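Colleague: Got a structure here, written out as structure tokens. Questions coming.
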Amino acid sequence: GWCHVVCALYIPEVSFGSINSMEPIILKKVPQDRYNKLCYICEEQGRANKATSGACMQCNYKSGCKQHFHVTWSVCFACSSNHYKLN
Ligand SMILES: [Zn+2]
Ligand SMILES: [Zn+2]
């Protein structure tokens, strides 16, 4: 398995063999489901071919938003304006 460190930080099922070196990254517990999700941000950016690759996280900003997107985006674009207002 292979994963960005940033993915590992955002996906709760990912664990590290060693916390200090942040490796090896253990993906065994990640549900296959996460890899089957479509990243709606990639899709909107015209990168549909990338949208299905990699692990996605689900927006948890508000219950009404159930969008999935790559952890590398960090924030849900649809909700980000609200995030910034709160900050
Ligand atoms: Zn994406
Ligand atoms: Zn959202």
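Read the figures in this text as sums done on the coordinates, not as results from a lab. Everything numeric in this text was worked out from a predicted model, so none of it was measured. Reconstructed Cβ throughout: ideal geometry from the backbone, glycine too, with neighbour counts over all protein chains shown.
Colleague: With a sphere of radius 10 Å drawn around the Cβ of G54, what net charge do the other residues whose Cβ falls strictly inside it have (Lys, Arg +1; Asp, Glu -1)?
Modeller: Taking every other residue near G54 into account, the sum is +3.
Colleague: Would you mind putting 42-54, 10-22, 65-77 in packing order, based on average other-beta-carbon counts within 10 Å, highest first?
Modeller: Packing proxy ranking, top to bottom: 65-77, 42-54, 10-22.
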